[in-house]
Amino acid sequence: MRLVRQLVHGFLVGLAGLLPGLCGSTLLVLFGIYRPLTAALAHPFADIQGNLRRFGPFFLAAGVGVLIGSRALAATFARHETATLFLFMGFMLGILPDLFHQARRTGGHPAGWLAFATLFLLCLGLAAVQDRLVPRGEPLAGHWGIWLAAGAGIGLGSIVPGASVAFLLIYFGIYQPLLDGVARLDPRILGPVVLGAAAAILLFARAAHWLFEKAEGAATRGVLGLVAGSLALVYPGWPAGRAGWVCLGLLAGGFALSALLNRLAPPAEPTA
């Protein structure tokens, strides 16, 4: 039964890792394994065999979830980009009340709100350098640096609760190519993405574990700023007519599902 639970949890976390607002770290918190997992990743060589037994099936299932989810998302996003964006925005809006409540509950020095302002303004300021960072009108498959950075962002989003970076990938125009590349197992995309994600997880898991243990208030406010800024970046404009009502329904549905998942999440987790 424990193995089945690991496989199910891993599959769902892998699938959610591709969805803005329903990032894998949010489900890790919901399933009660976020802090045990980040604690293990913070000290990966302390008990290698024990960690492999405890989390090996989880990571295998997460990989399967990513592969299966990327195929469905690639087709959906290509055909219904605007509608899908409103669903994603609903997911992100659904976590804002909980993040704001958590930021106030954790307290800390008021200067911690500088983390919110910094990340929020950083998201907005990216518009000035967007075309310089991502070459427009060129095939992206061979740009290893772009995919390494994308993988690192995904890795960071997987260990920082609520910090989905998928909206940034959408903004820079690499979300659809990423989904397509993962779905067809393109090594030019999949290779650097996996390397970037693994490196970010191993390098920053200890920092994330420490940050949410010692400076949870500032960390949560920073995530709140990232989420709010990401929403402003990808808003596609409100469609007219029937499409507008469909988008409104998707926005509301995404908000309700995301808010429900965050309400179900336990307030704290054991580190052991």
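Derivation of every value follows stated rules applied to the coordinates shown; laboratory data play no part. Not measured: the values here are computed from a predicted model. We place every Cβ from the backbone using ideal geometry, glycine too, and count neighbours over all the protein chains shown.
Neighbouring Cβ atoms within 10 Å as the yardstick, rank Ile68, Ile146, Ile95 fewest first.
The fewest-first ordering by Cβ neighbours comes to Ile68, Ile146, Ile95.
Relative to the present Cα-Cα distance, how much length would full extension add between Val64 and His43 at 0.36 nm per residue of separation?
5.0 nm
Can you tell me the length gained on complete extension of the stretch Thr118 to Leu257, counting 0.36 nm per residue apart and subtracting the Cα distance?
Between Thr118 and Leu257, full extension yields an extra 47.2 nm.
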